[in-house]
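The values are calculated or read from the model by the stated rules, or taken from the named source; none is laboratory data. Being a predicted model, the structure only gives us computed values, none of them experimental. With ideal geometry, Cβ positions are generated from the backbone for all residues, glycine too; neighbour counts draw on all protein chains shown. Surface areas here come from the heavy atoms of the whole protein model, side chains and all, with no ligands, DNA or RNA. Shrake-Rupley method; radii C 1.70, N 1.55, O 1.52, S 1.80 Å.
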Amino acid sequence: MGRTAKYRTQEQRQIARREQHSIWSSEPGAKEARSWENRQAYARRKAIVVPELSRVVIALASEEMSEDSVEKDLFVHHSLSSVPLNLPGIVLTDTDFQRMLTHPPYSPHLINYPSFEKEWPKISAAFHGYATRIYASSQIMWVDQAAHLDRASLASELNKKYRDLMKDWEQFSVELREYGDNLPTELITFQNKLWLSRRISWVVADITLLIEGPDVLLKSMREQLLCFR
């Protein structure tokens, strides 16, 4: 025997659904439960505000850097270990790269290096490698910290990271104009702006993932760390 249709018409089905909804809504606690669910959903949405990336940040974040250049091997080498960069007439160490990762003015022995422009592809690759290594190290600590935070705390921390990065990014923008007549400073400052653009885009991507839940965010951050090893 075949199954007999419970409702013969669409109208009957709609009436039945309305009756079922009415019965459910009249049950003790039903309205309170629904209200609580609505508040929870609102709270989750309210706690997470995804910043909107500017077109400039998006464009700079997609710009090629040294991992795409002829000095890729040098970038990889410095991203994995602390080694000096030996150039004709100068040796750059982590101390120099650490100073380059801040705001100008930069060290005179680097800015006044006679072969700076010629050796910039190598300096840039090693500098980028250093920045990547420092970032990966800080991310390991951040992932460990994030694993113990709830959704609201994660949203707060990530939005603070975004604001701090944007403040730095805007300062580098001002300094690019101020030091535009000094090529070494201009090149270092612009690379910092490229690097910050990437980091800003990564933070915004993390905030967006948090909407799906802390577990989704943590999984993504751990997977991203593998790309830096």
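Remarks
- Cα centroids of the stretch 118-167 and the stretch 73-108: 18 Å apart.
- Inter-probe distance in nm under a simple model that places probes 7 Å from Cα toward Cβ, at V49 and K118: 5.2 nm
- Shape class of the stretch 122-187 from the Cα gyration tensor (axes a ≥ b ≥ c, square roots of the eigenvalues): oblate, since a/c reaches 1.5 or more and a/b does not exceed b/c.
- Here the ratio of the Cα radius of gyration of the stretch 134-229 to 2.2 N^0.38 Å is 1.24.
- Simple spin-label estimate for L225 and D150 gives 2.4 nm between the two label positions (7 Å along the Cα-to-Cβ direction from each Cα).
- Each residue, I134 and V70, gets one label point 7 Å from its Cα in the Cβ direction; the gap between the two is 2.8 nm.
- When the surface is traced with a 1.4 Å probe over the full set of protein chains, T95 keeps roughly 100 Å² accessible.
- Prolate/oblate/rounded label for the stretch 55-155 (Cα gyration tensor, a/c 1.5): prolate
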